[in-house]
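Reading through the structure tokens given below for one structure.
The values are calculated or read from the model by the stated rules, or taken from the named source; none is laboratory data. A quick note: this is a predicted structure, and the numbers were derived from the prediction, not measured. Counting neighbours? That spans all protein chains shown, and the Cβs are built from the backbone with ideal geometry, glycine included.
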Amino acid sequence: MNLDLAVLLDLVGVFFFAVSGSLLAARKGFDMIGSLLLGSMVGLGGGVVRDVILAAGPPAAFSNPLYLLPPLLAAALVYFLPRSVERGSRLLLTFDASGLALFCLTGTRKALEAGMNPVAAVLLGVTTAVGGGVLRDITANEVPRLFDPHDLYAIPAMVGAVLTAGLWSLGWLNLVTGPVVVVAVFMLRMLALRFGWHSPLAARSWILSRRRRAFRRD
Amino acid sequence: MNLDLAVLLDLVGVFFFAVSGSLLAARKGFDMIGSLLLGSMVGLGGGVVRDVILAAGPPAAFSNPLYLLPPLLAAALVYFLPRSVERGSRLLLTFDASGLALFCLTGTRKALEAGMNPVAAVLLGVTTAVGGGVLRDITANEVPRLFDPHDLYAIPAMVGAVLTAGLWSLGWLNLVTGPVVVVAVFMLRMLALRFGWHSPLAARSWILSRRRRAFRRD
Amino acid sequence: MNLDLAVLLDLVGVFFFAVSGSLLAARKGFDMIGSLLLGSMVGLGGGVVRDVILAAGPPAAFSNPLYLLPPLLAAALVYFLPRSVERGSRLLLTFDASGLALFCLTGTRKALEAGMNPVAAVLLGVTTAVGGGVLRDITANEVPRLFDPHDLYAIPAMVGAVLTAGLWSLGWLNLVTGPVVVVAVFMLRMLALRFGWHSPLAARSWILSRRRRAFRRD
């Protein structure tokens, strides 16, 4: 993968997350500017955190004006296609899953290229992939979906980041294996949503399993 | 504008935002220390985010001890003038608007001086201006005012940042035009509050316009 | 104190805060991955913010894989000892106080070693110590404990940071005085919890003291 393709993939990921932010803004009754700002925060937030932690100069989202196009496009799309907003949260989750799949590839790869060790690169890749969504949910005053015990959100991102770091270390990350990782993460995330896969609770306890049922009723 | 004046304007902006933070702390029933900490977070938060993104060494708020004076002064003011707290949210909004007006000038200018391109500088100026207020509202567990669909909050900051970047590029940013920008942003913000100006919703939809009325009743 | 001891103390502080995060995750009904992620955020968050502000390359939490062990250990501990979760919030507060005591020492010292002035070092030490807890409470959608008017949370951290900066400036920070500072901060925090010490409110006002009683009933 050459550099231009890496930037392009990053921009596509920004677009997917920005759509999820603008859709949430529309469902919360925010205005156009709020839609643009929440979309920008979700789309660019994870990458800005990644670049600040890599400590390699101003983040790409600020130094490259191209990064402003995806949030603008996302806000316009949500404004002119209001039917999509009424179609409930499934669309939001699909766009969110696409962004997640792309960002755990591009985030991990960028950290490896910057010279981080593989463990740190996996950690940064996961942070990039889940960061924007956590910012989105905190801003919308909700417990982040990342922590929903009925859902696998972080595990697909971890799998994708580990695969990316493994392939990169072996010199096997290329135009065939990269897309395979992205599709695998996306499929894993959508299957988890479809079949309600989830991981064990944080503590084995009778009281807590009761708490879990309470959470489900919400 | 020489450097000392730039720092002085920045300190005045910190003071205005810190007062808005301490006023909110008082109305939420926080204690003196909470008032000082929330004031510091609101006053210094936007600038710290700006300086971290500019990646030019430790943020001014940490390297220059003078930046601690405005939050201390703001917390003392709110403590010794409790009547102002009872006067409702109008005072908070006025201080908030003053900080917004000053920070979109100083934030944009600092980004331009650090060599950012004008688009990035506008983005950073807006981030500086709205960042502290978003931190304040998230910490106080509310949906940030930035996203209130009955209010123009980001647009005055965007106008101010674009004007600042335009004047700076033309070499026209000086002691006459700078204050004009600040006063224009402040007036625009106060007029928007007074007359309830707002921008179109994020999506054109019958369901969502109903949602908007629901928001108003809160 | 040589460097290895400093890293070890930092890791112990990360562990204490990570346990407080995993305990909260368990009580909120999050799953194992959520427990690991919230523990990591609380344990590593304050230090990452500190290192980003110090602007001295990638944060230790990312460049040194050892920092991932304490959150893993904390999540496993909470999973295999579920009784501790049922024992209510006292255990969480004890681990939180231990982390607070260690981090105001290690945070202040690291800032001083990086060449910050003593005032900035105290500010950064307090930010390191309270940062993780604020992230924890915001993510769990609560007003941060830092702002609870019935509790002293920031003052012990401030005392510890000032003591550390004072001892370091005099050249007296060593293996005897360091632990004394940590124990003093921990005791001050636990005594404040035990006896309900608190500081004056943010504003002197009849209305606000009524608000305070309302807060207490929550």
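Numbers below:
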| quantity | calculated |
| --- | --- |
| In region C:14-28, the residues that are surrounded by fewer than 24 Cβ atoms within 10 Å (Cβ to Cβ) and either modelled with pLDDT under 90 or within 18 Å of C:N141 (Cα to Cα) (or both) | C:R27, C:K28 |
| Selected residue (criterion: farthest from the chain's Cα centre (by Cα)) from residues of region A:14-36 that are facing chain B (nearest Cβ under 7 Å) and in contact (Cβ under 8 Å) with a residue 12 or more places away in the chain | A:M32 |
| So A:R194, is it away from every other protein chain (no Cβ under 14 Å), modelled with pLDDT under 95 and in a helix (DSSP H, G or I) | yes |
| Output for region B:25-41, where each listed residue is in a loop (DSSP other than H, G, I, E, B) and acidic (D, E) | none |
| Residues satisfying the stated conditions in region C:171-183, i.e. free of Cβ contacts under 8 Å to residues at least 40 places away in the same chain and part of a helix (DSSP H, G or I) | C:T177, C:P179, C:V180 |
| Identity of the residue in region A:71-85, touching a Leu at 6+ places or on another chain (Cβ under 9 Å) and farther than 11 Å from A:L36 by Cβ, that ends up farthest from the other protein chains (Cβ to nearest Cβ) | A:S84 |
| Options B:G39, B:G47, B:G43; residue that is without any contact (Cβ under 8 Å) to a residue 40 or more places away in the chain, buried (at least 22 other Cβ atoms within 10 Å of the Cβ), within 27 Å of C:A55 (Cβ to Cβ) and small (G, A, S) | B:G39 |
| Filtered residues of region A:161-187 (kept if among the aliphatic types (A, V, I, L, M) and surrounded by fewer than 20 Cβ atoms within 10 Å (Cβ to Cβ)) | A:V162, A:L167, A:L170, A:L175, A:V176, A:V180, A:V183, A:A184, A:M187 |
| Those residues of region B:95-140 which are outside any helix (DSSP H, G or I), closer than 18 Å to A:P59 by Cα and touching a residue at least 24 places away in the same chain (Cβ under 8 Å), in sequence order | B:A114, B:M116 |
| Among the candidates C:D51, C:D31, C:D4, residue that is of a type in the set (D, E, K, R) and modelled with pLDDT of 90 or more | C:D51 |
| Close pairs (6 angstrom Cβ cut-off, 6 or more residues apart or separate chains): at the interface with chain C (Cβ under 10 Å from one of its Cβ atoms) in region A:144-170, acidic (D, E) and crowded, with 19+ Cβ neighbours inside 10 Å anywhere | A:P144/A:D137; A:P149/C:D31 |
| Test: residue in region B:53-62 that is buried (at least 24 other Cβ atoms within 10 Å of the Cβ), more than 7 Å from every other protein chain (Cβ to nearest Cβ) and under 18 Å from C:V122 (Cβ atoms) | yes |
| Breaking point among (1) closer than 29 Å to A:R50 by Cα; (2) assigned to a helix (DSSP H, G or I), for B:P58 | (2) |
| Residue in region A:152-160 that is surrounded by 22 or more Cβ atoms within 10 Å (Cβ to Cβ), farther than 30 Å from A:D4 by Cβ and in contact with a strand residue (DSSP E or B) (Cβ under 8 Å, 6 or more places away or on another chain) present | no |
| Of all residues making up region B:110-125, the number that are surrounded by fewer than 24 Cβ atoms within 10 Å (Cβ to Cβ) and within 16 Å of the chain's Cα centre (by Cα) | 1 |
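One line per residue, one yes/no per condition, for (1) in contact with a Pro (Cβ under 6 Å, 6 or more places away or on another chain); (2) farther than 25 Å from C:V134 by Cα:
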{"position": "B:L37", "(1), (2)": "no, no"}
{"position": "B:G45", "(1), (2)": "no, no"}
{"position": "B:V48", "(1), (2)": "yes, no"}
{"position": "B:P58", "(1), (2)": "no, no"}
{"position": "B:F62", "(1), (2)": "no, no"}
{"position": "B:L68", "(1), (2)": "no, no"}
{"position": "B:A74", "(1), (2)": "no, no"}
{"position": "B:L77", "(1), (2)": "no, yes"}
{"position": "B:R83", "(1), (2)": "no, yes"}
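Here is a yes/no grid of residues against (1) within 29 Å of B:L175 (Cβ to Cβ); (2) in contact with a His (Cβ under 7 Å, 6 or more places away or on another chain); (3) hydroxyl-bearing (S, T, Y):
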residue: B:P70; (1), (2), (3): yes, no, no
residue: B:Y79; (1), (2), (3): no, no, yes
residue: B:R83; (1), (2), (3): no, no, no
residue: B:T94; (1), (2), (3): yes, no, yes
residue: B:A97; (1), (2), (3): yes, no, no
residue: B:K110; (1), (2), (3): yes, no, no
residue: B:G115; (1), (2), (3): yes, no, no
